[in-house]
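The next block holds one structure in the form of structure tokens; read it before the comments.
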Amino acid sequence: METVPHAVDPNRAAQHGSVVMRLLDEIFPLVEGVYVDLHKNPELSHSEQRTASIVAEWLTRTGYEVHKGIGGTGVVGVLRNGPGPTVMLRADMDALPLEEKTGLPYASTAKALDGDGIEVPVMHACGHDAHTACLVGVADLLSETRQEWAGTIMIVAQPGEETLDGAQAMIDDGLFDRFGRPDVILGQHLGPQPAGLISHRAGIILGAANAYRVRVFGEGGHASQPHTTVDPVLIAANIVSRLQGVVSREISPSEMAVLTVGRIQAGTKANIIPDEAYLEISTRALNENVAEQLERAIERIVRAEAAASGAGREPEVERFQGSGVTHNDPASTADVAAAHLAYFGEEYVIHLPDPSPATEDFCRFGLPEDPQPIPYVFWFVGATPHDVWEAAPGATPYEKMGNVPSNHSPFFSPAREPTLRAGLAALTVAALAYLGSDNKNPSVPSLPPTEVPAGLAFAGPAPTEDADPYTATDGGEGHVPTGGYQAQEPGMDAPAPHHTSSGPQSDYPGPQDVSSPAEDFGAPEPFSGPAPGGSSFGESEDNDAYDSAFLASSWPAPNDSEARSTADTEVARGAREQEPWDEWGGGRVEESTLSADMAALLDEEAPPPPSGPPAGPAYGGPPPGTDDDRPDTQYRY
């Protein structure tokens, strides 16, 4: 493989991103329609036929070379645009066996048969509908602005992320052999942060996870004569109790580890001692060695407890699901984060001080066992509505994170517009960090020269990857940088637009007039002061199409001497919010990919929120030594 390309200057990437984003208003209603349609019609892992067809149809119409059925239901789209690097953009498509309780007008009522043939409710409770909608939207934006970049785009819509085997299935089906090996891989995931906040971390950002099936065998009999039996229920109970001491007594306190027995089944009746018992065990760690240590402990304890009870048959232990740590390439992460900072502004891009124990199989695309792994960057896009964030209990962002509906919650309900706009912009600008050029492809004419401000430059040290992921990245204990990343050298050898609709278009979409989530993760408030570098976060006269709290213009229009005051923001916002719905009533929906009832869904007033409390992750308090008052306190997912 050729030397991995270093990203272009982040300000240039943001500049090209601004030009590309002029089409965002035109395409956004269609992307929003795809999101709503996918949310209403979720599909379980490896059953994503309908979702895959939507992706394939969109990519085909947009001019990509499209391949379906990769690794089962996976879709690959390739767009070659002259010489340059190959950039892979990935999104996952599958949903969860969960009953939705959001109360949204487009909430899922779908049911499907799971792997055991049992009918279960299905919900997009992890944001994969947004991931997929943003992916096809970015593919469209890049296709229609080929004069702004050069290279090859590889779009990958992956099945089976929730089962942690979809990425490997696509690789085993010849993903890189058939369509080429990318130079860098980019991906994003929704999280429970305030909607629109972009969160980066170099090195380990997600942990490793494994799941095990355990079957222990005894000798059944009548409950009145237990002395004639070998009770597998007792063996299973002892296994559960014994496993609780593994993390507390076998794993170093400096390491993160989780071991959970999530399923136990045995017997059919109270007065019958069964022949066997069944358990399922989940482990998580931020270190592959710790993950292996947990596996060895499970094997040892299961077999020892069976032997101690005199079981006449060896128990069975099988690892049936797993993925390693997601380890962002530090140099590539610095490049992408710098481009995001230049485009969004430092108030909207933060550094995660600690990795999350959540797990993805995105890391498999990086070929971790290969002598030359493929560098990748994975980041989070906040999805929590600002009013929900503001109302959540907790005096610190840390506490609020544990009290908002998060991923895998039946109440998980992203703020639709700011989240989708942030996801579209983040993935597009990240791709242009490598593909952005001054018309490197001579076969495609350049757009007329336009005065596009370069955005906010960021200067600061890049995070470094320490052996201990909890080590402070700047050498100071407890200190977390509030800025972003300094680009560093890589640590390795070194067809026409199909949309006919017209709508308001902003010249320079970027961060809007809100408070700084990186400062306190609070709900947004108007911000009218000058940004570093002389940019203003006020709204421009040409930017009335944007009501997203994070993606309106950062700069004044080219002919304006300064940005308009934000004093009338709330008045203007009400008019802006009505414009898209007026367009739906004018027949625009007929030329989109929306389902027939899309306009009705968007216009329909949502029913009252559920009476039950949001089901977010439990908050157990910050780790020892954590300063709750620092700006970007550790995230938990």
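The values are calculated or read from the model by the stated rules, or taken from the named source; none is laboratory data. Predicted, not measured: the structure shown is a model, and the values here were computed from it. Don't worry about glycine lacking a Cβ; one is built from the backbone with ideal geometry, like all the others, and counts go over all protein chains shown. These area figures cover heavy atoms from the full protein model, side chains too; ligands, DNA and RNA do not enter into them. Shrake-Rupley method; radii C 1.70, N 1.55, O 1.52, S 1.80 Å.
Key figures
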{"read-out": "Which numbered condition residue 373 fails, given (1) at pLDDT 95 or above; (2) not in a loop (DSSP other than H, G, I, E, B)", "value": "(2)"}
{"read-out": "Qualifying residue in the range 139-160 (condition: touching a His at 6+ places or on another chain (Cβ under 9 Å), of a type in the set (Gly, Ala, Ser) and assigned to a loop (DSSP other than H, G, I, E, B))", "value": "yes"}
{"read-out": "Any hit, the range 209-217, residues being touching a helix residue (DSSP H, G or I) at 6+ places or on another chain (Cβ under 9 Å), farther than 17 Å from residue 301 by Cβ and either buried (at least 19 other Cβ atoms within 10 Å of the Cβ) or among the aromatic types (Phe, Trp, Tyr) (or both)", "value": "yes"}
{"read-out": "Residue check for residue 201: open to solvent by less than 40 Å² (accessible area, probe 1.4 Å) and of a type in the set (Lys, Arg)", "value": "yes"}
{"read-out": "Unmet requirement for residue 86, which otherwise passes all of (1) out of contact with any Phe, Trp or Tyr (no Cβ under 8 Å at 6 or more places or on another chain); (2) under 22 Å from residue 380 (Cβ atoms)", "value": "(2)"}
{"read-out": "Enumeration of residues in the range 287-313 that are open to solvent by 10 Å² or more (accessible area, probe 1.4 Å), in contact with a Phe, Trp or Tyr (Cβ under 8 Å, 6 or more places away or on another chain) and within 24 Å of residue 275 (Cβ to Cβ)", "value": "311, 312, 313"}
{"read-out": "Long-range neighbours under 7 Å by Cβ, at least six apart or interchain, first residue among the hydroxyl-bearing types (Ser, Thr, Tyr) within the range 270-285, second surrounded by fewer than 16 Cβ atoms within 10 Å (Cβ to Cβ) and assigned to a strand (DSSP E or B)", "value": "278/265; 282/260; 282/262; 283/258"}
{"read-out": "Single match in 365, 380, 344, 412 (criterion: hydrophobic (A, V, I, L, M, F, W, C) and in contact with a Lys or Arg (Cβ under 8 Å, 6 or more places away or on another chain))", "value": "365"}
{"read-out": "Elements of type strands (runs of 3 or more DSSP E) in the range 1-92, at least 3 residues being open to solvent by 10 Å² or more (accessible area, probe 1.4 Å)", "value": "65-70"}
{"read-out": "Count of residues meeting criterion [crowded, with 24+ Cβ neighbours inside 10 Å and among the polar types (S, T, N, Q)] in the range 160-194", "value": "2"}
{"read-out": "The range 93-118: number of residues that are buried (at least 18 other Cβ atoms within 10 Å of the Cβ), acidic (Asp, Glu) and more than 19 Å from residue 165 (Cβ to Cβ)", "value": "1"}
{"read-out": "Filtered residues of the range 351-384 (kept if farther than 24 Å from residue 45 by Cα and either of a type in the set (Val, Ile, Thr) or open to solvent by 30 Å² or more (accessible area, probe 1.4 Å) (or both))", "value": "369, 370, 371, 372, 373, 374, 384"}
{"read-out": "Yes/no for residue 282 being within 32 Å of the chain's Cα centre (by Cα), outside any helix (DSSP H, G or I) and surrounded by 15 or more Cβ atoms within 10 Å (Cβ to Cβ)", "value": "yes"}
{"read-out": "Within the range 191-205, tally of residues that are aliphatic (A, V, I, L, M) and within 23 Å of residue 396 (Cβ to Cβ)", "value": "4"}
{"read-out": "Test result for residue 234, surrounded by fewer than 22 Cβ atoms within 10 Å (Cβ to Cβ) and closer than 25 Å to residue 296 by Cα", "value": "yes"}
{"read-out": "Conditions (1) under 18 Å from residue 359 (Cβ atoms); (2) surrounded by 18 or more Cβ atoms within 10 Å (Cβ to Cβ); number of the one not met by residue 157", "value": "(1)"}
